[in-house]
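Step one of this worksheet: look at the structure below.
The values are calculated or read from the model by the stated rules, or taken from the named source; none is laboratory data. Source: prediction; values computed, not measured. Glycine also receives a Cβ, built like all others from the backbone with ideal geometry; neighbour counts cover every protein chain displayed. Keep in mind that these areas ignore ligands, DNA and RNA; they rest on the heavy atoms of the full protein, side chains included. Shrake-Rupley method; radii C 1.70, N 1.55, O 1.52, S 1.80 Å.
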Amino acid sequence: MDKQNAQPPGVAFGVALRLWARIGLLSFGGPAGQIALMHREIVDRRGWLSEKDYLSALNFCMLLPGPEAMQLATYAGWKLHGVRGGLAAGLLFVLPGAIIVLGLTLLYASLGKLPLVEALFYGVKAAVLAIVIEALLRVARRALKSRADWAIAALAFLALFCFALPFPLVIIAAGLVGFWRAKGTAEPHHASLPGWRALAGTVAVWGAIWLLPLSALALLLGPHHVLTEVGVFFSKLALVTFGGAYAVLSYMAQAAVETQGWLSAAEMMDGLALAETTPGPLILVTQFVGYFAGLRETGSIWGGIAAAVVTLWMTFAPCFLWIFAGAPYIEAIGKRPRLSGALAAITAAVVGVILNLSLWFGLNVLFGHVDRRLGWFQPWAPDWAQLDGFALALSGLAALALLRLHLGIVPVLGLCAALGAAWKLLA
């Protein structure tokens, strides 16, 4: 099958549900790992989306606020089965990780650090690094077709990794370059966009689903109740999280710790560690923050759970609004040469973005802690004395199993988790 131009085949809804659940349970490694996993499962193994559709959707999701991997899963479900498919894919991408994070948060609040959990996911992160590298190579081979594409990808990577430029600026600049390169091409008359009435209806429905519960909380409990404050805080956060979770974590941590006083800096770092080592979007760390806000303000576990649920709703309900409102435009945009040229350049830039995420993730797996250098040139700099040789060996073993022995993701993750846990607990 030519995945570059193939149309998605008819897929039974039940079959798709099983895959969305599988992806939700295996989506380790933050955005880089999750994008890699979905590419492997949806494009390479099953051909449900063509390479072009997948990359166009990824471009679109990179431009949206919120977790890009969850929105990409929602788009894939919508593409196959409409709104019910998008809901199923998006919810199943989030809920397994949300349940796990909530359970671990409850344990953490009662017991403190969780050494066994940390030991198990030590090996998982090493395996995910190999999965990320495999997908990055595949995407780069298919997305970068000219020297200009390679140049855009390289410049996007350098802008993010070495100079810490704002993510939206990098993507907008790439889009403008692509638009300018295609400026001499005439626009076809048949490339019409969907009508505004359908868009307005979608925005009204999903805007109400997002914000009516928040209004109800404010009316029933008052504007200063912790559940209302949590809802308002994370609704605002949902509007400014361009570039995914990494772009907003520092802002959220500062606001939650210093401004709101919902938890300590040490607890914030432990919550981030839990979110990084469990399946689902990294932004699930917001659930950890919401739980502690509710727990501290009400003095009740149930208050903490209620705040965690409010946090989830306000974080992820907007994602369905963005996708269901914007998804019908992706194909129409692709039929307009200038806009298609802009998206093609953004595709090349996204390869650089994924490389940046992959390298950042890999450095954190292999060195445990990395910092940016100070000054105008700010690359991520690991402490080479802290290189984790066993994590490096596990990643090499996972790469051998995936690329040479062609083992499945589940056995590779299981093997690395077992080896990593044994090593950490014995050491």
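Out of everything in the range 317-337 that is modelled with pLDDT under 80 and either assigned to a helix (DSSP H, G or I) or not basic (Lys, Arg) (or both), what residue ends up being farthest from residue 68 (Cα to Cα)?
337
In the range 238-255, is there at least one residue being modelled with pLDDT of 80 or more, under 30 Å from residue 176 (Cα atoms), touching a helix residue (DSSP H, G or I) at 6+ places or on another chain (Cβ under 6 Å) and part of a helix (DSSP H, G or I)?
yes
May I ask you to list the residues in the range 362-373 that are outside any helix (DSSP H, G or I) and buried (at least 18 other Cβ atoms within 10 Å of the Cβ)?
none
Could you check, for the range 124-131, whether at least one of its residues is surrounded by fewer than 17 Cβ atoms within 10 Å (Cβ to Cβ) and assigned to a helix (DSSP H, G or I)?
No; the residues of the range 124-131 include none that is surrounded by fewer than 17 Cβ atoms within 10 Å (Cβ to Cβ) and assigned to a helix (DSSP H, G or I).
Among the candidates 148, 109, 89, single out the residue that is open to solvent by less than 20 Å² (accessible area, probe 1.4 Å), in contact (Cβ under 8 Å) with a residue 12 or more places away in the chain, part of a helix (DSSP H, G or I) and among the small types (Gly, Ala, Ser).
Going through 148, 109, 89 in turn, just one is open to solvent by less than 20 Å² (accessible area, probe 1.4 Å), in contact (Cβ under 8 Å) with a residue 12 or more places away in the chain, part of a helix (DSSP H, G or I) and among the small types (Gly, Ala, Ser): 89.
For the range 43-56, name all the residues that are free of Cβ contacts under 8 Å to residues at least 40 places away in the same chain and within 13 Å of residue 69 (Cα to Cα).
Residue satisfying the conditions is 54 alone.
All but one of (1) open to solvent by less than 20 Å² (accessible area, probe 1.4 Å); (2) at pLDDT 85 or above hold for residue 62; which doesn't?
Among (1) open to solvent by less than 20 Å² (accessible area, probe 1.4 Å); (2) at pLDDT 85 or above, the lone unmet condition for residue 62 is (2).
Does the range 318-332 include one or more residues that are of a type outside the set (Phe, Trp, Tyr) and open to solvent by 40 Å² or more (accessible area, probe 1.4 Å)?
Yes, the conditions are met somewhere in the range 318-332.
Let me spell it out: the conditions are (1) surrounded by 22 or more Cβ atoms within 10 Å (Cβ to Cβ); (2) without any contact (Cβ under 8 Å) to a residue 40 or more places away in the chain; (3) of a type outside the set (D, E, K, R), and residue 405 meets all of them except one. Which number is the exception?
In the conditions (1) surrounded by 22 or more Cβ atoms within 10 Å (Cβ to Cβ); (2) without any contact (Cβ under 8 Å) to a residue 40 or more places away in the chain; (3) of a type outside the set (D, E, K, R), residue 405 misses (1) alone.
Please determine, by comparing only the residues of the range 26-54 that are in a helix (DSSP H, G or I), at pLDDT 85 or above and open to solvent by 10 Å² or more (accessible area, probe 1.4 Å), which one is nearest to residue 135 (Cα to Cα).
Per the stated criteria, the residue is 40.
Given the criteria touching a residue at least 40 places away in the same chain (Cβ under 8 Å) and in contact with a Cys (Cβ under 7 Å, 6 or more places away or on another chain), does residue 119 qualify?
Criteria not met by residue 119.
When you scan the range 349-361, do you find a residue that is free of Cβ contacts under 8 Å to residues at least 60 places away in the same chain and either surrounded by fewer than 19 Cβ atoms within 10 Å (Cβ to Cβ) or basic (Lys, Arg) (or both), even just one?
Checked against the condition, which is being free of Cβ contacts under 8 Å to residues at least 60 places away in the same chain and either surrounded by fewer than 19 Cβ atoms within 10 Å (Cβ to Cβ) or basic (Lys, Arg) (or both), the range 349-361 yields no hits at all.
Would you be able to tell me the number of residues in the range 165-184 that are surrounded by 15 or more Cβ atoms within 10 Å (Cβ to Cβ) and not charged (D, E, K, R)?
12
So, of the residues in the range 132-145 that are more than 30 Å from residue 417 (Cβ to Cβ) and surrounded by fewer than 21 Cβ atoms within 10 Å (Cβ to Cβ), which turns out to be modelled with the lowest pLDDT?
142
So residue 230 fits all but one of (1) at pLDDT 85 or above; (2) farther than 24 Å from residue 282 by Cα; what number is the exception?
(2)
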